[in-house]
1. Out of segment 1-20, which residues are among the aromatic types (Phe, Trp, Tyr) and either loosely packed, with under 14 Cβ neighbours inside 10 Å or farther than 15 Å from residue 86 by Cα (or both)?
2. For residue 110, indicate whether it is among the charged types (D, E, K, R), over 13 Å from the mean Cα position of the chain (by Cα) and modelled with pLDDT under 95.
3. Checking the condition surrounded by 11 or more Cβ atoms within 10 Å (Cβ to Cβ) and free of Cβ contacts under 8 Å to residues at least 12 places away in the same chain, which residue from 27, 98, 23, 49 passes?
4. Only residues that are within 26 Å of residue 32 (Cβ to Cβ) and either out of contact with any Leu (no Cβ under 6 Å at 6 or more places or on another chain) or without any contact (Cβ under 8 Å) to a residue 12 or more places away in the chain (or both): list them for segment 80-95, please.
5. Do we have any residue at all in segment 62-76 that's surrounded by fewer than 15 Cβ atoms within 10 Å (Cβ to Cβ), over 14 Å from the mean Cα position of the chain (by Cα) and at pLDDT below 95?
Amino acid sequence: MTQQITIKRNDRRPYIEASFTNPDGQPLNLTTATSITFTMSPQGTDTTPLINAQPAIITNATQGLAEYRWAAGNTATAGKFYAEFTITWPDGSTETHPTSGYLLVHITRDLT
């Protein structure tokens with residue numbers, strides 16, 4: 001799920017869509033997942049999350065699809081960010097995606 005997302009400052013669409021897969025490349029079945037959250041932090045030395053474990057929405061559990069819908073203020077700061085999703089399972093265990101590296105989010109300045 002290596003992905004780069006570019007969005008203009010203060011925009012709230014498009015949503016960040018995620019397609020989770022097993023190590024064999026098959027869709028990860030999210031039917032029993034108790035939650036999925038989204039976290040985004042600035043690239044560089046400041047690792048304080050701009051978005052910290054906010055709920056994502058499962059859009060198709062059997063196909064491993066979910067999305068994060070930007071909230072007001074999420075894209076107010078232009079810059080480059082790392083992001084990831086965390087799936088929580090019924091036994092309390094967690095699984096972070098992508099499993100290697102991060103999603104790359106680039107919020108570009110707008111002209112207004």
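1. At the first step, the residues of segment 1-20 found to be among the aromatic types (Phe, Trp, Tyr) are 15, 20.
Scanning segment 1-20 gives a single hit, 15.
2. Values: among the charged types (D, E, K, R): yes; over 13 Å from the mean Cα position of the chain (by Cα): yes; modelled with pLDDT under 95: yes.
Here the answer is yes, as residue 110 does meet what is asked.
3. Values: 27 fails: free of Cβ contacts under 8 Å to residues at least 12 places away in the same chain; 98 fails: free of Cβ contacts under 8 Å to residues at least 12 places away in the same chain; 23 fails: surrounded by 11 or more Cβ atoms within 10 Å (Cβ to Cβ).
49 is the lone residue from the list that is surrounded by 11 or more Cβ atoms within 10 Å (Cβ to Cβ) and free of Cβ contacts under 8 Å to residues at least 12 places away in the same chain.
4. Our first condition is that a residue be within 26 Å of residue 32 (Cβ to Cβ); within segment 80-95, this holds for 83-95.
Listed by number, the residues that qualify are 84, 85, 86, 87, 88, 89, 90, 91, 92, 93, 94, 95.
5. no
The values are calculated or read from the model by the stated rules, or taken from the named source; none is laboratory data. What you see is a predicted model; the values in this text were computed from it and never measured. Don't worry about glycine lacking a Cβ; one is built from the backbone with ideal geometry, like all the others, and counts go over all protein chains shown.
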